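Since the structure comes first, as structure tokens, the remarks are kept for the end.
Derivation of every value follows stated rules applied to the coordinates shown; laboratory data play no part. Everything quoted here is computed from the prediction, not taken from an experiment. No Cβ is skipped: glycine too gets one built from the backbone with ideal geometry, and neighbour counts run over all protein chains shown.
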Amino acid sequence: MKILYGVQGTGNGHTTRARIMAKAFAAVGAQVDWVFSGRERDKYFDMEAFGDFQSYRGLTFATQNGKVLFVKTALTSNVSQLYQDTKKVNVEGYDFIINDFEPVSAWAAKRAGKKVIGISHQNAFFYDIPKADSNFVTNWFMHNFAPVTQSIGLHWHHFNQPILPPLVELSHYPNVSTPKHYLVYLPFAGLEDIVPQLREFPDYDFFIYQPVPAAYDEGHIHVRPFSREGFQMDLHRCEGVICSAGFELPSEAIHLGKKILVQPVAGQMEQKSNALALERLGYGYAAKKFDVATLGKWLPLKPPANPRNYPDVSKALVNWLMNGGGENISDLQQLLWKENIEKEIQLTGLLAK
């Protein structure tokens with residue numbers, strides 16, 4: 001089987017999902033050609049699983065102090081370059097073209113009249129799920145940023161829609177909960193926006209991941225450079241996670257049974273909607289403002305009683321594709337959610353609120 005797989009590379013979550021799928025494809029001997037866009041090639045890390053991947057500028061958001069700058073985004077977007085890049089992507093000779101919200105390969109396939117299977121969290125927004133600040137513009141963007149012909153959405157709950165559970169990476173690290181140890185990952189904020197608030201809680205240890213050249217410690221503040229292994233180790237041993245309201249890291253935290261505090265990126269409908277879903281499901285808490293008062297209320301709270309334990313969605317998806325795929329994924333959806341049916345029943349009351 002030969003597959004072309006496009007991945008939005010602006011956030012580490014998309015790359016993490018792609019890495020999970022790469023392992024599942026490798027296990028069945030499938031050949032996958034990878035296309036990444038959204039950042040410079042040398043800005044990616046831990047990319048061994050993708051071989052000689054293609055890299056393009058694509059489209060991305062400009063942000064400052066945790067807020068999306070739409071005017072700057074428009075000014076820095078090079079639509080002409082996007083068009084030229086789509087002509088460079090060869091979409092011929094593939095059994096499947098798969099896309100994780102990546103515009104270059106998606107538009108290349110659309111121009112060539114090829115079918116594209118979209119597997120992403122963004123595709124869940126095509127359905128009736130918790131949404132915040134959704135409007136005509138955001139709906140148009142979700143459908144047209146990276147157009148697909150078959151959409152497979154991923155979310156923490158199915159919301160009675162044709163949605164699959166999230167892709168969660170299997171790990172060799174033991175899952176423990178170390179009291180008062182917290183992982184902090186706020187990629188749209190600098191240390192100056194994070195550390196002053198955390199200093200006010202000296203009884204807690206905070207492991208903060210930031211683009212720094214080397215690790216250093218200042219009392220209970222532990223700053224770490226980006227490292228997949230180091231990040232996973234701290235994630236598995238922490239009591240809770242403080243992060244933006246993206247999708248992949250909260251998915252891992254829910255799967256492991258960690259306490260979650262998210263701060264949505266201002267002006268980002270997807271993140272505000274994720275925060276709403278987390279609170280509605282009872283999986284986490286959303287901070288309107290990252291301040292001492294919010295942390296003081298959240299830190300003493302108890303972590304969840306049990307991990308969520310999502311099924312191996314990547315293996316199930318690859319097996320579905322190997323068996324021909326198809327337009328109907330209802331059987332696959334029922335199989336994947338069946339393992340959590342008792343927990344889904346318990347959530348009925350929460351979702352009705």
Problem - Estimated vicinal HN-Hα couplings, Hz - region 43-51 in sequence order (Karplus 6.51, -1.76, 1.60; Gly, Pro = x) - result: 8, 7, 9, 6, 9, 4, 5, 9, x
Exercise for the section: State the antiparallel share, in %, of DSSP beta bridges confined to region 181-298, rounding to the nearest 5. Expected result: 15
Completion exercise
Rounded to whole Å, √(5λ) for the Cα gyration tensor eigenvalues of the chain, largest first, gives 32, 24, 20
Problem - Whole-Hz ³J(HN,Hα) from phi, Karplus 6.51 cos²θ - 1.76 cosθ + 1.60, for region 96-109, glycine and proline x - result: 9, 10, 10, 9, 10, 6, 10, x, 5, 5, 5, 6, 4, 5
Practice task
For residue 36, list long-range residues whose amide hydrogen, built 1.01 Å from N in the peptide plane, is under 5 Å from its own amide hydrogen.
Solution key: 7, 54, 55, 56
Exercise for the section: Can you work out the PRE-style zone for residue 288? Point 7 Å along Cα to Cβ, and I want the residues of region 107-144 with backbone N under 20 Å. Expected result: 131-134
Handout entry: Binned Cα-Cα distances of region 181-298, short to long, each 5 Å bin given as a whole percent
Key = 2, 11, 23, 26, 21, 12, 3, 0
Problem - Estimated [θ] at 222 nm from DSSP helical runs (n ≥ 4, -39500 (n - 2.57)) normalised by residues in the chain, nearest 500 - result: -10500 deg cm²/dmol
Practice task
Compute the signed sum of charges (Lys and Arg +1, Asp and Glu -1) over the other residues within less than 13 Å, Cβ to Cβ, of residue 81.
Solution key: +2
Exercise for the section: Write out the GluC sites (Glu not before Pro) in region 152-239 meeting two conditions: DSSP loop, and at most 12 other Cβ atoms within 10 Å of their Cβ. Expected result: 200
Handout entry: Residue-count net charge about residue 13 - beta-carbon cut-off 14 Å; Lys, Arg +1, Asp, Glu -1
Key = -3
Practice task
At 0.36 nm per residue, minus the direct Cα-Cα distance, what do residue 127 and residue 233 gain on full extension? Give it in nm, one decimal, please.
Solution key: 34.7 nm
Fill in the blank from the handout: Stretched fully, the stretch from residue 199 through residue 328 gains (0.36 nm per residue minus C-alpha distance, one decimal, in nm) 41.3 nm
Practice task
For every other residue with a beta carbon closer than 15 angstrom to the beta carbon of residue 184, add +1 if it is Lys or Arg and -1 if Asp or Glu, then tell me the sum.
Solution key: -4
